[in-house]
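Q: Below you will find the structure I want to go over with you.
The values are calculated or read from the model by the stated rules, or taken from the named source; none is laboratory data. These figures come from a predicted structure and were not determined experimentally. For neighbour counting, all protein chains shown are included, and Cβ atoms are generated from backbone atoms with ideal geometry for every residue, glycine included.
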Amino acid sequence: MLQLKNLNASYGFLQILWGVSLHVDEGESVGLVGPNGAGKTTTLRTIAGLLNPTGGEVLFKNQSMNHVPAHETTRRGISYISEDLNLFVDMSVRENLLMGAYIVREREKQLETLDFVYQLFPRLKERESQLAGTMSGGERKMLAIARGMMSNPELLLVDEPSLGLAPHLVTDVFNSLQTLQKTGVTILLVEQRVNATLEITDRAYVLEHGRVVMEGPSSELMQNEHIKQAYLGI
């Protein structure tokens, strides 16, 4: 479904990604892990059309996404949930969710998707009239993920969903991602909690200094000595 081929990306004169290659197959949940500054968020931003690659290629369903603007990326079936969420804090949960369906023209389809999202996230249904700005951190993360689902994406890009959350809320958010995958959504997850990420993903890539240094089934990476020492503290 998604393929990156020797992807390079820069902010001005500062190159962040150096020949990154990876793939995500339909229905998979794939992790992208690594230390701060490794280029994980830059990878997602480039896939989402928020940053143009300086080399290499992004392919989605065998079509090049190079230089495709972000709004068109969404129309093609990719939804990006950034670490800063970008919620409309003075709007209700329901209003935020419907804003996520702005590319869906049919009102009936919007409401069908809204019902589906409420089934996945019953807590949001309970709080549909509550202002997003008054919600807890974990609830906001769930709302951001749910809003990303409102455009009926085929691929969900999720950036640092655990950032700033208490451990019990992290568990809730990760459970939500697992539930989404079970419905058939393909997920590329960027996350610093390596152990938790490897527990819920099928495969993973390790990014260090803008380069992929390791990849494989998540269960195997959990047993890798470099992963244990560098990321799991074992």
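Q: Please tell me if G216 is more than 17 Å from L44 (Cα to Cα) and at pLDDT below 90. Steps first, answer last, please.
A: Working: more than 17 Å from L44 (Cα to Cα): yes; at pLDDT below 90: no.
It is false that G216 is more than 17 Å from L44 (Cα to Cα) and at pLDDT below 90.
Q: Within region 188-198, how many residues turn out to be crowded, with 22+ Cβ neighbours inside 10 Å and part of a helix (DSSP H, G or I)?
A: Final tally of qualifying residues: 3.
Q: Residues of region 149-185 being in contact with a Pro (Cβ under 9 Å, 6 or more places away or on another chain), of a type outside the set (V, I, T) and free of Cβ contacts under 8 Å to residues at least 60 places away in the same chain, which ones?
A: F174, S176
Q: How many residues does region 109-140 hold that are within 22 Å of E83 (Cβ to Cβ) and in a helix (DSSP H, G or I)?
A: Final tally of qualifying residues: 11.
Q: Mind listing whichever residues of region 199-234 are of a type in the set (A, V, I, L, M), over 24 Å from N6 (Cα atoms) and assigned to a helix (DSSP H, G or I)?
A: Answer for region 199-234, where residues must be of a type in the set (A, V, I, L, M), over 24 Å from N6 (Cα atoms) and assigned to a helix (DSSP H, G or I): I200, A230, L232.
Q: I'd like to check something: does region 98-107 contain any residue that is within 29 Å of R193 (Cα to Cα) and in contact with a helix residue (DSSP H, G or I) (Cβ under 7 Å, 6 or more places away or on another chain)?
A: Taking every residue of region 98-107 in turn, at least one turns out to be within 29 Å of R193 (Cα to Cα) and in contact with a helix residue (DSSP H, G or I) (Cβ under 7 Å, 6 or more places away or on another chain).
Q: If you don't mind, there's one more thing I want to ask. Can you find, within region 10-37, the residue that is nearest to V213 (Cα to Cα) among those that are surrounded by fewer than 23 Cβ atoms within 10 Å (Cβ to Cβ) and of a type in the set (A, V, I, L, M)?
A: L22
Q: Scanning region 132-165 for residues that are modelled with pLDDT of 90 or more and of a type in the set (V, I, T), which turns out surrounded by the fewest Cβ atoms within 10 Å (Cβ to Cβ)?
A: T134
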